[in-house]
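To start, the structure itself, in structure tokens.
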Ligand SMILES: Cc1cc2nc3c(=O)[nH]c(=O)nc-3n(C[C@H](O)[C@H](O)[C@H](O)COP(=O)(O)OP(=O)(O)OC[C@H]3O[C@@H](n4cnc5c(N)ncnc54)[C@H](O)[C@@H]3O)c2cc1C
């Protein structure tokens, strides 16, 4: 039996949208039964995805219709703006990505169920997802539910969270930003300010990040790496002070939008443990998770020390499309339409990157007063393709010197 559907997407956020584009691009969804299950209507611009890339990279050529802004210059902290050629810093609004997926769903008549999946697994009949009292079967279940974490962000104030045999406080990236407009051109030489650490650190590691959308329209965001989540009241005060110093006459700017978010900064070790415990439970059913593919942050796409995931998710979506394309050819050769006996894993990154991530996370968690000096030192180097790559993802199989 091939299942109730061919592809079941558990979650229809960023990685699902990128995977659908990659699979459609490879011609793998034509005439297929596709189902999406997600309780969230995805009707808000809840995230903006930024990433570095050269114009010829697939993440740009594939998504050019979605890229809302691109910048050619950047500065680290208060260093001068410099060209980041041949790279640019790009931004995609999450709502544009969600709407793109909605249009594809409507055009193809793919079904959406607005509910939460309770569990995902595989047995002798293949992969499945449990929705309410129903077990929905699929040849491929693409699972983007948030990954298992040993720790949840924001609990540090109430004490340390237990992680296996270790006791460690949580760490998260939390941010709060304003889009402000001025009556005069403020950012004539448009470029991105990546990390201005010359702000009060408030017992954590904090910096301001700025994206100029137009000469008189700028996103100014306070970001905290820390064990306590940035509170709105404090963030508003810090932003007022920051803009007050940059724009002494405060009447000259208007706040036209507010945004805030939290990204857990979990170490690779935690992710591996989560994956191992899921594998163990599947094994206890005596069936490996054939046909179940974790995608997005569930597939370790997030670089824990920086919170970047988008470019890696896009790369993983392409690799998955290639893998499924090959397995579809094998199926045609063998005329098999039964449950698949395959699994897919992206290339693991070199362990040294996990080590470096772990080191930075250790400093941010245990020695927050040293975070500013550590990041300021790394920002002194001119933004370059190499440093951009290091911030964005962990290149598979490469040593640090090679990237
Ligand atoms: C505020 C914010 C800003 C970010 N900005 C950037 C950035 O600038 N650049 C970058 O590279 N990365 C960024 N990231 C990191 C990463 O790119 C995003 O988290 C991205 O959305 C991850 O994609 P995903 O598909 O794994 O998860 P999501 O996009 O969150 O999608 C998961 C989906 O699963 C659904 N779901 C959850 N539980 C269930 C369930 N039980 N059953 C069914 N569905 C379920 C959710 O409703 C959601 O729609 C940001 C993250 C956050 C939180």
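The values are calculated or read from the model by the stated rules, or taken from the named source; none is laboratory data. Quantities reported herein were computed from a predicted structural model and do not represent experimental measurements. Methodologically, a virtual Cβ is constructed for each residue, glycine included, from the backbone with ideal geometry; neighbour enumeration extends over all protein chains shown.
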Seminar exercise, completed: Filtering region 67-93 down to residues that are outside any strand (DSSP E or B), farther than 19 Å from residue 219 by Cα and touching a helix residue (DSSP H, G or I) at 6+ places or on another chain (Cβ under 6 Å) yields none
Problem set entry | Top-ranked residue of region 188-202 - restricted to ones that are without any contact (Cβ under 8 Å) to a residue 60 or more places away in the chain and surrounded by fewer than 17 Cβ atoms within 10 Å (Cβ to Cβ), ranked as nearest to residue 245 (Cα to Cα) | 200
For this session: Go through region 1-45 residue by residue and tally those that are free of Cβ contacts under 8 Å to residues at least 60 places away in the same chain and closer than 14 Å to residue 92 by Cβ.
Result: 1
Exercise. Is it true that some residue in region 128-144 is assigned to a loop (DSSP other than H, G, I, E, B), at pLDDT below 95, at positive phi and surrounded by 13 or more Cβ atoms within 10 Å (Cβ to Cβ)?
Worked result: no
For this session: State whether the residues of region 214-225 include one that is more than 13 Å from the ligand (Cβ to nearest atom), surrounded by fewer than 21 Cβ atoms within 10 Å (Cβ to Cβ) and either part of a strand (DSSP E or B) or modelled with pLDDT of 95 or more (or both).
Result: yes
For this session: Kindly provide the set of residues from region 300-309 that are within 21 Å of residue 375 (Cβ to Cβ), near the ligand (Cβ under 7 Å from one of its atoms) and either assigned to a helix (DSSP H, G or I) or in contact with a helix residue (DSSP H, G or I) (Cβ under 7 Å, 6 or more places away or on another chain) (or both), ordered by number.
Result: 308, 309
Problem set entry | Residue in region 358-366 that is touching a strand residue (DSSP E or B) at 6+ places or on another chain (Cβ under 7 Å) and either in the same structural domain as residue 203 (by TED's automatic domain parsing) or modelled with pLDDT under 70 (or both) present | no
Exercise. Taking into account only those residues within region 5-48 that are in a loop (DSSP other than H, G, I, E, B) and away from the ligand (no atom under 16 Å from the Cβ), which is farthest from residue 258 (Cα to Cα)?
Worked result: 31
